[in-house]
Amino acid sequence: MKIIVCESYEELSRKAADIFVKQLQNKPKSVLGLATGGTQLGMYQELVDRYNAGEVDFSEAISFNLDEYCQIKQDHPQSYYTYMNENLFSKVKFKEFHLPKGDADDLNAAAVEYEKAIEAAGGIDLQYMGIGVNGHIGFNEPSDVYMLDSNLTELAEATIKANSRYFSENEQQPTTALTMGMGTIFRAKSLVMLVSGKSKAEVAKKLFDDKIYTDIPATLLKLHNDFTVLIDKDAAEG
Ligand code: PGA
């Protein structure tokens, strides 16, 4: 596990984009695992800027997002599909991009299909992710039992609360989602986690020690042999 402490969120975003660009330079046909959330926004802006400057080409790359809400349609303003379109896919051209179909009629079947699509693409080369205040990765919430493959899951109270800032008061906020499983994430060749802000300081401490906390899913990633954490000072020193 490699921890890189950055002076600022801007530096973290630049370093995250550097890793992305290097991956594509080494392997233009990379399969990238992508994430949503506030923390990833700076990296996406960096990537768009570098694309516009002709410094990076995504045209042979395929991407799979970690998760997607259920109970809302794909074109809902708060869907992760909309987030990805607004922040990346409407601005740069990927060969293909995929998100779980959170509005499918048969959600369990959609999860199985998603896992198969990742496998058919050859597996994920580089997986980005954030971390929840409760240590979730994707929507693998703290639990006694973790699912290996992509699955339909319920969001934890802490997650619903943290994400409520994006939904207006009279809007129904989703409580379920499709997410990659812990195995899906573990099978990626390289993992990069972005951690920013004081709200993550408490959970970040648990990433730095030599323990695995079974109720903090992110700490299980310490077992992965290519796991990098990019963390800003606010989160590292909180
Ligand atoms: P955030 O979300 O970047 O909006 O904090 C991270 C996560 O929940 O994984």
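The values are calculated or read from the model by the stated rules, or taken from the named source; none is laboratory data. Since the structure is predicted, the reported quantities are computational estimates derived from the model, not experimental observations. For neighbour counting, all protein chains shown are included, and Cβ atoms are generated from backbone atoms with ideal geometry for every residue, glycine included. We work out accessible area using only protein heavy atoms, side chains counted, and drop any ligands, DNA or RNA first. Shrake-Rupley method; radii C 1.70, N 1.55, O 1.52, S 1.80 Å.
Can you tell me which of LYS200, LYS93, LYS211 moves the most in a GNM of the chain? Springs connect C-alpha atoms under 10 Å apart. Maximum among the listed residues: LYS211. A crude spin-label estimate for the pair GLU237 and ASP144, with each label 7 Å from Cα along the Cβ direction, gives 4.2 nm.
May I ask which of LYS22/LYS205; LYS27/LYS91; LYS2/LYS233; LYS93/LYS189 have a Cα-Cα span longer than 19 Å here? Let's see the in-between values first.
Numbers: LYS22/LYS205 29 Å; LYS27/LYS91 21 Å; LYS2/LYS233 16 Å; LYS93/LYS189 23 Å.
Result: LYS22/LYS205; LYS27/LYS91; LYS93/LYS189 exceed 19 Å.
Most simply put, the chain has about 25% antiparallel DSSP beta bridges, counting only bridges with both residues inside it. Over every Cα atom in the stretch 2-237, the radius of gyration and the widest Cα-Cα span, Dmax, amount to 16.6, 47 Å.
Using a 1.4 Å probe over the heavy atoms of the protein chains, calculate the carbon and sulfur portion of the accessible area of the stretch 48-168 as a whole percent. Show your work: numbers first, answer last.
On the way: 2930 of 5980 Å².
It is 49 percent, rounded to a whole number.
Considering only ASP75, ASP209, ASP49, the Gaussian network model of the chain with Cα springs below 10 Å gives its largest mean-square fluctuation to ASP209.
How big is the dipole moment of the chain about its Cα centre under a simple scheme where the beta carbon of each Lys and Arg is +1, that of each Asp and Glu is -1, and everything else is neutral? Debye, nearest 20, please. Could the numbers behind the result be given before it?
Numbers: 24 positive and 36 negative charges, 133 e Å.
It works out to roughly 640 debye.
Short-range pairs are left out: with C-alpha atoms under 8 Å and at least six residues apart, the relative contact order of the chain is 26 percent. For the chain, a Gaussian network of Cα nodes joined below 10 Å ranks SER30, SER199, SER190 by mean-square fluctuation, and the top entry is SER199. Proximity of backbone amide H atoms, modeled 1.01 Å from N, is registered between LEU99 and ASN65 at under 5 Å, excluding neighbours fewer than 5 places apart on the same chain.
Given 0.36 nm per residue, what is the gain on full extension from GLU11 to LYS189 after removing their alpha carbon distance, in nm? Don't skip to the end; give the middle numbers.
Details: separation 178, 0.36 × 178 = 64.08 nm, distance 2.42 nm.
Using 0.36 nm per residue and subtracting the Cα-Cα distance, I get 61.7 nm.
Computed from backbone phi with θ = phi - 60° and the Karplus coefficients 6.51, -1.76 and 1.60, the 3J(HN,Hα) list for the stretch 134-150 is 9, x, 5, 10, x, 10, 7, 7, x, 6, 6, 10, 10, 8, 6, 9, 3 Hz; x is used for glycine and proline.
For the stretch 82-98, backbone phi angles converted through the Karplus equation (6.51, -1.76, 1.60; θ = phi - 60°) give residue-by-residue couplings of 5, 4, 5, 4, 5, 9, 9, 6, 7, 10, 10, 9, 9, 5, 8, 9, 10 Hz, Gly and Pro being listed as x.
I'd like to check one number: the per residue accessible area of the chain, probe 1.4 Å, reported in Å² as a whole number. Don't skip to the answer; put the middle values down first.
Details: 11330 Å² over 238 residues.
Computed with neighbouring chains in place, this is 48 Å² per residue.
In this label model, ILE3 and LYS22 are separated by 2.0 nm, measuring between points 7 Å along each Cα→Cβ vector.
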